[in-house]
Amino acid sequence: MKTKKLLLLLFIILFNQVSVDAARNSFDQHTPPDVKKDFVLLRDRVKRNPRDVAAINSLGIIYANAGQLDDAIKLWQYGLGINPDYIHLYNNLGSALKQKGRIDEARMIFKAGLMHERSHLIYYNLGTLEKENKEMVRAAEYFKSCLEISPDFQPARQQLEQMGYFPKMAAKNTHIPTMTLGSYKPPVEIGNIELTPIYPSGISQDENKEKKTKTPTTKKTDKIVKEFKPLSYDECCKIIRNLNAPSHRKYVALTFDDGPHHTLTPEILNILKNEGAKGTFFVVGNRAETYPDLVSRISAEGHDIGNHTWNHISLAKNTTEVDLKSLNKTNNLIAGIIGKNCNLVRPPYGATSSRVKAMLQENGWHQVLWDSDSRDWQNKNPDVILYRVMKSIEPGGIILFHDIHPGAAKMLPTLIRALKSEGYRCVTISELIALKNAS
């Protein structure tokens, strides 16, 4: 009877709060899907399967961020009734209860979570709860337990520093050896599509001046294909073979921006797993917050996770203060989910400047751009996407995809198999950095 009541409550919450029509609004294809679209996709998942705990958890996050904390709490309680081993629910529910001032209940939920998994993030949340409750000794013990599990989790270390348990860490080293990887190159154009400037539209004019170049314009030497003809697998293999790369240069980095996405990211992960390839996923913070299970899976399967800001802002158009707030918030979220710090940043739109580059270097972050632009957001035809990549691929290069658009997943098996047939490896950005340092 209790289960039926909870199920009825779930459907009342999900189907009476947000208009379906609101989700049919169009959104900018250059940027990640908006929350309305996510809401309807997740709601439909729960409608098909009311026991889909991952979708229930994500819906709760959307409600909480919309200020509907009571509905979020009901959803997470319902989720725990289905699967008490789903650890993200304990963190979310406990944090929401704490926010509502229900401290004893929050403490109980966090401790219940520890009975299912020794989670560094639950220890951290318990530490912050006890610190706010003026129980400093108990808080310190929880922060120390957090660091025992995840020694690199900086928020816990910073809490202990503030409490006087650790000496304050030295000022950041401005000479940390960081890299800018990838280059600005014009994408391969197909048919009568207007050519794109050599530099992305987001790059600042200051950066152009520093390079002592005029605002870039299209050149006659840019590649144009008047009649598009899809490439066969054998043709792809021939293109790669003709690169004539030495064996120590036979690798590329596959990168995916703007996710995670509730269906496309798992599809890409399945392809990478089946093909024995690795990739790097530059996640948007507010989407990673909504889909923590996918962030966990990306890391668990040996892929890199990079920072793509909290809400896909242009780093070049904001102040350093705004940029750091967005990047640090995303880094803390990533570290909270996977227990490892993130030192890879891809500026949205490729928009960078000397100020952005200096800011990233001062924080020990690598700036990761790209060498081959699939433009999968512009044309979702997998044959076109494959053509663009094959006509711009280079040994040791970084290829840009997005895991919020369907075209990339459809052409990935052909690309990866052609690369493997010619002795190439698909590596993470961290591996790419190590290979460049070694050379």
Full-stretch length increase - Asn328, Glu117 - with 0.36 nm per residue and alpha-carbon distance subtracted: 73.3 nm
In percent, how large is the relative contact order of the stretch 51-115, given Cα pairs closer than 8 Å and 6 or more residues apart? 27
Provide the per-residue ³J(HN,Hα) series for the stretch 374-386, in order, calculated from phi with Karplus coefficients 6.51, -1.76, 1.60 and θ = phi - 60°, each as a whole number of Hz, with x at glycine and proline positions. 6, 6, 5, 7, 8, 9, 8, 5, x, 5, 5, 4, 4
Can you tell me how the stretch 281-432 classifies by the Cα gyration tensor, rounded, prolate or oblate, using a/c under 1.5 as the rounded cut? prolate
Hey, what's the stretch 395-439 come to in accessible area per residue, 1.4 Å probe, Å²? 33
If you roll a 1.4 Å probe over the stretch 314-418 with all protein chains in place, what percent of the accessible area is carbon or sulfur? 47
List the relative contact order of the stretch 288-397 as a percent without decimals, with contacts defined as Cα pairs under 8 Å and 6+ residues apart. 23
Just the number please: accessible area per residue for the stretch 252-307, 1.4 Å probe, all protein chains included, in Å². 24
Euclidean distance between Cα centres, the stretch 60-120 to the stretch 356-404, Å: 37
Net lengthening on full extension, Thr319/Asn83 (0.36 nm per residue, minus Cα-Cα): 80.6 nm
Computed over the stretch 330-391: relative contact order in percent, which uses C-alpha pairs under 8 Å that are six or more apart: 25
Solvent-accessible surface ranking, highest first, for Leu231, Leu254 at 1.4 angstrom: Leu231, Leu254
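The values are calculated or read from the model by the stated rules, or taken from the named source; none is laboratory data. Everything numeric here is computed off the predicted structure, so don't read it as measured data. Just the protein is used for accessible areas: all its heavy atoms, side chains included, with ligands, DNA and RNA removed. Shrake-Rupley method; radii C 1.70, N 1.55, O 1.52, S 1.80 Å.
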